[in-house]
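These notes are about the structure you will find just below.
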Amino acid sequence: MGDSKFSNFDNMSFHGIDEDSELIPLLTPEDEEKMSNEGLPETLPILPLRNTVLFPGVVIPITAGRDKSINLIKDANNGSKVIGVVSQKDEETENPDINDINTLGTVARILRVLQMPDGNTTVIIQGKKRFEIAEILTKKPYMMATVRETKEERPDEDGQEFLAIIESIKDLALRIIKDNPNIPSEASFAIKNIQSNSFLINFVSSNLNLDVKEKQELLEIGNLQERALATLKYMNLELQRLELKNDIQSKVRSDMDQQQREYFLHQQMKTIQEELGGVSYDEEVQEMRAKAKTKKWGKKVKEHFEKELAKIQRMNPQVAEYSIQRNYLDLFLDLPWNEYSKDKFDLKRAQRILDRDHYGLEDVKRRIMEYLAVLKLRNDMKSPILCLYGPPGVGKTSLGKSVAEALGREYVRMSLGGLRDEAEIRGHRKTYIGAMPGRIVQSIKKAGTSNPVFILDEIDKLSNSHQGDPSSAMLEVLDPEQNSEFHDNFLELGYDLSKVMFIATANNLSTIQPALRDRMEIINVTGYTIEEKVEIAKRHLLPKQLKEHGLSSKDLKIGKRQLEKIVEGYTRESGVRSLEKQIAKMVRYAAKSIATEEEYDIKVSNADVEKVLGPARLERDKYENNEVAGVVTGLAWTSVGGDILFIESILSKGKGTLNITGNLGKVMKESATIAMEYIKSNAERFGIDTQIFDKYNVHIHVPEGATPKDGPSAGITMLTSLVSLFTQRKVKKSLAMTGEITLRGKVLPVGGIKEKILAAKRARIKEIVLCEDNRKDILDIKQEYLKGLVFHYVTDMHEVIDTALTDRKVKNAKKL
């Protein structure tokens, strides 16, 4: 049986060959009609082909290798030269039977038989018409069968749809020939010159890059128009594959060209740099190695650096990882490994610097001086972790600069407000794109020494997210027992932070993670008195603002009385930030007057203060010497320092209900309830008729309802207000109180005493009622803050009532 060379567009046959070795032109419609009118023999020798399908009109060469095929070709060539060609279902079958071949094939005429030098026989055949095997007659010496003709259903040659399909086949064939570099250019000439539509369909079908099964399906389609549509479908797929293949090859070629171009450009750049005295990649590595010899790192760090340096030498400078590795090595070389600035242990000088830059803050200064003294004696003490806790604007952050100057160390500040990514502390792993070390290591690199004064600003503002908890990452940083080997993800090695003096600042301790707070030494930085604010404004704020606005002390003078007026009338904070803004307004007014050549008073008067700043706005914290029963002055702590508040009570006829208003929190509402129940249980002792509780409603109000208020400080104030109301006894003049109560009437201590004392001083309070347990807090306050104040220490509510209320009733007292 026959072995056939696979025929497709890559090895197209454009002409037949006659017996005289002359080229036969492509099939014309007349030739096709003549061929179709020829009769079909009753029996035909059947030649199975392994891997191709012959279509009517198409000329193909086949190679016969099997004995049966050679004998069949020899007998046919000597006889009628007409044979039946069918395709095998499985090309691996060596001796196919009727079940191994397709029964529909093509009658073929032998055009030429050639004996090849390798001993094989090559036969050139041309298809004539389709046939179908009816019955196998003999199998030896080759297969003989009776056959019958299979007619084709031909469409109207002038039909618009058929003509459109034919034109599409021609167009696609020309595009395929154009896009496929393996198809010779003569193929397009052949396509253009085919005159017969049916031959065009068969010619293209025969040369499509399809397997035997798909070509056999095309041959078996009896309707020529349907065969044309199926052929068109396969051509579209072939064109898409070609376009995709060419697109991929084009991209690959472009990428290769770009890489080669970049390589040559980099080589040229390297040569140019060397000619101009620049640094090449190899020289950069050598520079790194030379710089490493000057570093003071230990054996472990040195070995790690050498390993990473060897890695960059093996890298291609063009890859992205090269720049990451280079940045990593640069960080290693820039970090101040074991490099420390020398501390200055002149304690008197340090004290002068602290006093010069900060007025007040005696506790903080004393703690800093203690640290310096111990460090001077031991010279190797691990740095403590200090946390300056207090309201805004009291100088917590700026204190770090003074400490750094006093110690002679570098100063570094890192703001933690709103930080929510753990990588900001610990850094990114260097395998990530855009990886960088954490801000701790970056700040140490910026400082240039391993023992700077490091300010961790707003440590209470740390937050967390899905990117990790920075507070947990700070635990290692702020633990003197762990931070000698602080691990940064980018650095991949432990870095010694034990010599760094960390100073954290916070406004609210309750928002700091408990484990983190436990690692720090809390130093309370309280607010300033009026006198201290005036002194700070005179020494620091006014000279600073004059300098920033281009003026000198000759252009504007603000006296102590005017500064005191600004403090009392226009600021109500514990710090001095708002005070500085008000002073800046005064300075800007002077600057504007000078720039516009307007007259103004260099020496500021009280009238000038009101002219520039407007009427005093903050007089509401002044003590109100009220003659009404049930009004008591309390002391409270706020986020900006201490403040005073007024608690008012009133009676109205009703059924004994208790109403509480003023935007109060849960704790203060509970204090009011406790106070009311305590009074009911001790009514006779206070001289109160118990029938009042059933006939009158009680309303307790704390003014300024827009401001939320809560905390365990107003218990005794509310109880005193209610007793004053029920007994109609007035409260002593210029008296304020703070403390909490129990149902037994015991007075409990509260916090924020210094801030509350300062608020009382600002409000011109003369007497203060406190719990006996708060006496120790008063002893810690400087005596100058306590000047003019009288303290009453109590343990029981009856002592509070006896101290706070006068014996005489208010004028026009109600008869209850």
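A short reminder: the numbers here are calculations on the coordinates, not readings from a lab. Source: prediction; values computed, not measured. All Cβ positions, glycine included, derive from the backbone under ideal geometry; neighbour counts span all protein chains shown.
Just a few scattered comments:
- When shorter helices are ignored and each DSSP H run of at least 4 residues is given -39500 (n - 2.57), the per-residue value for the chain at 222 nm works out to -13000 deg cm²/dmol.
- Across segment 160-239, the mean sequence separation of Cα contacts (distance under 8 Å, 6 or more residues apart), normalised by length, yields a relative contact order of 41 percent.
- Simple label model, 7 Å out from Cα along Cβ direction - Asp97 to Ser463, nm: 8.3 nm
- Relative contact order, percent, the chain [alpha-carbon distance under 8 Å, six or more residues apart]: 7 percent
- Under the combined filter of DSSP loop state and at most 13 neighbouring Cβ atoms within 10 Å, segment 121-170 retains these trypsin sites (Lys or Arg not before Pro): Lys151.
- At q = 0.12, 0.21, 0.27 Å⁻¹, base-10 log of I(q)/I(0) for segment 530-613 (Debye sum, equal scatterers on each alpha carbon): -0.30, -0.93, -1.54
- In terms of the mean number of neighbouring beta-carbon atoms within 10 Å, the peptides 442-453, 753-764 order highest first as 753-764, 442-453.
- Calculated FRET value between Leu743 and Lys766, using beta carbons and R₀ = 25 Å, to 0.05: 0.20
- Kirkwood radius, segment 654-800, all distinct C-alpha pairs, inverse of mean reciprocal distance: 16.1 Å.
- Extension gain, Glu321 to Leu232, is 27.0 nm, computed as 0.36 nm per intervening residue step minus the present C-alpha separation.
- FRET efficiency for Val790 and Glu339, using Cβ-Cβ distance with R0 set to 60 Å, rounded to 0.05: 0.55
- Out-of-range pairs (alpha-carbon distance over 19 Å; input Lys461/Lys585; Lys655/Lys680; Lys365/Lys396; Lys365/Lys756; Lys538/Lys581): Lys461/Lys585; Lys365/Lys756
- When all alpha carbon pairs of segment 160-239 are counted in 5 Å bins from zero, the resulting P(r) reads 3, 15, 30, 26, 18, 7, 1 %.
- Cα→Cβ-extended label distance, 7 Å offset, between Lys560 and Thr661, nm: 4.6 nm
- Segments 365-374, 56-65, 471-480 sorted - mean Cβ within 10 Å per residue, highest first: 56-65, 471-480, 365-374
- Which listed pairs, of Lys733/Lys776; Lys68/Lys215; Lys533/Lys754; Lys293/Lys445, have C-alpha distances above 20 Å, in listed order: Lys733/Lys776; Lys68/Lys215
- Coordinate range along principal axes, alpha carbons of the chain, Å, largest first: 150, 83, 62
- Fraction of beta bridges assigned by DSSP in the chain that are antiparallel (%, nearest 5): 60 percent
- Helix 197-207 axis, angle to the chain major axis (alpha carbon atoms, nearest 10°): 70 degrees
- Paramagnetic label zone (point 7 Å from Cα along Cα-to-C-beta, Arg420; backbone N under 13 Å) in segment 466-480: 466-470
- Lysines whose Cα lies under 26 Å from that of Lys251, excluding same-chain neighbours fewer than 8 positions away: Lys178
- Cβ-derived FRET efficiency at R0 60 Å, Leu551 paired with Arg289, nearest 0.05: 0.60
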